[in-house]
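Structure record follows, encoded as structure tokens.
The values are calculated or read from the model by the stated rules, or taken from the named source; none is laboratory data. Since the model is a prediction, treat every value here as computed from it, not as a measurement. Note that each Cβ is placed from the backbone with ideal geometry, even for glycine, and that neighbours are counted across all protein chains shown. Side chains included, ligands, DNA and RNA excluded: accessible areas come from the protein's heavy atoms. Shrake-Rupley method; radii C 1.70, N 1.55, O 1.52, S 1.80 Å.
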Amino acid sequence: IRNPLVSIGGFARNLLRELDEGEPAREKVDVIIEETDRLERYLKDTLTYMRHNNPVFRPANPNHLVHDTFLMMDAELEQSHVRIVDELMPNPPEVELDADQIRQVLMNIFRNALEAMPHGGTLTVSSRLVGNSVVLSIADTGVGISEQERDKLFTAFYTTKSSGSGLGLTICSQIVHNHRGVITVENNDGPGTMFHITLPVSQAVIREAEHEEIADRR
């Protein structure tokens, strides 16, 4: 599927460059490019979901991951007119995680928040230390979700969007689970939705606890 998609997208972009501004065919070629891009996103999500990539753990500063993700989304944030509120704790402990995978989780949740606030709003990112875990909370002032939607939110292929693959949040849940963490969602105190991502600071502590639990069963 990927090879013909790349060919279709490539030829469509070449054709667009050859067409003069104002030509009726440009609008049709734009639709081809948009739909090809959408199919490529579906394919990427499906492959990510099926591969179950194991995380490569390295110490990382969670604040840096949040700021890096915002930088990667700079153009999207500027167009959205959403106000960013940073309530991250100062000097957080380094967390053993796969930086690329956690950035993917953050980017997916941030994008969901932007889509929930089409006319602007506030996106608040906060963090706190709970025991041996760091909790990242992402709150928006968007449309919110019903209890029925919340129960299905992390289910594969479930989506309320007309153009969604239904895998974005499933992949987020999968990644966080592979980090021996927890991801939850609730309605915000005011309008909107809040996600909580709980990640253990040290994977070694988790592995030790798991070994002790297995030994106790024996």
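Tabulated values for the structure
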quantity: Top-ranked residue of segment 16-31 - restricted to ones that are open to solvent by less than 80 Å² (accessible area, probe 1.4 Å) and in a helix (DSSP H, G or I), ranked as farthest from Leu43 (Cα to Cα); calculated: Ala25
quantity: First in segment 87-105 and surrounded by fewer than 17 Cβ atoms within 10 Å (Cβ to Cβ), second anywhere and part of a loop (DSSP other than H, G, I, E, B), Cβ under 7 Å, 6 or more apart; calculated: Pro93/Val201; Glu94/Asn61
quantity: Residues located in segment 40-76, provided they are closer than 19 Å to Met107 by Cα, assigned to a helix (DSSP H, G or I) and without any contact (Cβ under 8 Å) to a residue 40 or more places away in the chain; calculated: Glu40, Lys44, Leu47, His64, His67, Asp68, Leu71, Met72, Asp74, Ala75, Glu76
quantity: Tally of residues being of a type in the set (D, E, K, R) and modelled with pLDDT of 75 or more across segment 163-189; calculated: 2
quantity: Matching residues, segment 106-140, being of a type in the set (Gly, Ala, Ser) and loosely packed, with under 14 Cβ neighbours inside 10 Å; calculated: Gly120, Gly131
quantity: Test set (1) touching a strand residue (DSSP E or B) at 6+ places or on another chain (Cβ under 6 Å); (2) part of a helix (DSSP H, G or I); (3) of a type in the set (A, V, I, L, M) - Met89 fails condition number; calculated: (2)
